[in-house]
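We did not get these values from a lab; they are worked out from the coordinates using the rules stated. Computed from a predicted model, the values in this text were never measured in an experiment.
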Amino acid sequence: MSTTKSAMSIESLALSISKKAVQDAIKAVKNSHAETKSSDSVFIFFNCDADKNVASMDIRYNNEAFGDNATGRKLLLKRVEHELAEGNISTSDAKAVRETILTGEPTDAGALLQYGTIERLLAI
């Protein structure tokens, strides 16, 4: 019982730290990209486990936020392509990942990736 409680406390603390880091990342993106200033959200690529458990997504490791605009989506795609080239993630349909990121809902590309996902984070 205490092990479960301790694990829950650690996960809660990690989520609090991650939330602060995400808020800082969103502010940084909004301040550095004029095109992003009108957007209320950003995308973050996360390396993760095969089950895409939230606990495996570390905002301190994956701390680049990409604006929901043409420039941000191209940069997000570049990051995903880099992770694919490095062998950190894999996909069975790179063309679908590319199209989904550039013209669709980038978070849907996460379902096409193994050991990686894309999350939309709303500005607070």
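To make sure I understand the rule: partners must be aspartates and glutamates, Cα under 20 Å from the Cα of residue 52, and not fewer than 8 residues away in the same chain. Which ones qualify?
Once the sequence-local aspartates and glutamates are set aside, what remains near residue 52 is 11, 64, 81, 83, 86, 93, 105, 108, 119.
When the Kirkwood hydrodynamic radius is evaluated over all pairs of different C-alpha atoms of segment 33-117, what value in angstrom, to one decimal, is obtained?
Working: mean 1/r = 0.0771 Å⁻¹.
After inverting the mean inverse Cα-Cα distance, the result is 13.0 Å.
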